[in-house]
Amino acid sequence: MKLAKRNWNNLSMFSPMFDDFNRELLNWGNKNYSPTSTTVPAVNIKENGDNFEVEVAAPGMAKEDFKITLDGNLLTISSAKEEQHEEQKDHYTRREFSYQSFQRSFELQKDVVDQDNIEAHYENGMLKLTIPKKEEAKQKEPRTIYIS
């Protein structure tokens, strides 16, 4: 049997693949990144006596970039934005492309939420949805029950 010595420096073509694998492995708990390493907007959900408020942080976007759908109890907020820039000078052309997209879905409780009166508003980089509660699901004032 003859021992062979391997030169591992010749395997540099595999290095980027392993770098990506290690990066994904080490960041598995970071929920603000999609599998394509793009960020997913942070979402805050607040509840008060009359409604739920959903806030989506999406600076740099316009209200036209969003699509909000309600399919049964599934509320989906999505966005797709594509930009292209081209610059032509003497002997070269520079083109830049950018594509951003995300989708977040939330299951609403039909017996709690008034689906017909959901409102959305976008201002200063924040998409805000107001999801009203049905009258019977609203928190009622405490009352005293008298003992007879």
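The numbers here are math on the coordinates, done by the rules we state, and not lab data. Model, not experiment: these values are computed from the prediction. FYI the Cβ positions are ideal-geometry reconstructions off the backbone, even for glycines, and counts take in every protein chain you see.
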Charge dipole magnitude, Cβ of K and R +1, D and E -1 - the stretch 41-137, Cα centre, debye nearest 20: 300 debye
10 Å-binned pair-distance histogram of the stretch 41-137 (Cα, whole percent): 14, 40, 23, 12, 7, 4, 1
Overall Cα dimensions of the stretch 65-119, principal axis frame, Å, largest first: 65, 16, 11
Förster radius 41 Å - calculated FRET efficiency between Glu96 and Asp71, Cβ distance, rounded to 0.05: 0.70
Set of aspartates and glutamates with alpha-carbon distance to Lys81 below 18 Å, sequence-local pairs under 8 removed: Glu64, Asp65, Glu96, Glu123
Cβ-defined net charge surrounding Glu86, 12 Å radius [Lys, Arg +1; Asp, Glu -1]: 0
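What order, most packed first, do the peptides 119-125, 92-98 have when packing is the mean number of other Cβ atoms within 10 Å of each residue?
In decreasing order of mean packing, 119-125, 92-98 become 119-125, 92-98.
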Set Lys63/Lys89; Lys46/Lys134; Lys63/Lys140 screened for pairs whose C-alpha atoms are more than 24 Å apart: Lys63/Lys89; Lys63/Lys140
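Sort 103-111, 47-55, 127-135 for me by packing, meaning the mean count of neighbouring Cβ atoms within 10 Å per residue, highest on top.
Working: 103-111: 12.0, 47-55: 14.6, 127-135: 16.7.
My ranking of the peptides, most packed first, is 127-135, 47-55, 103-111.
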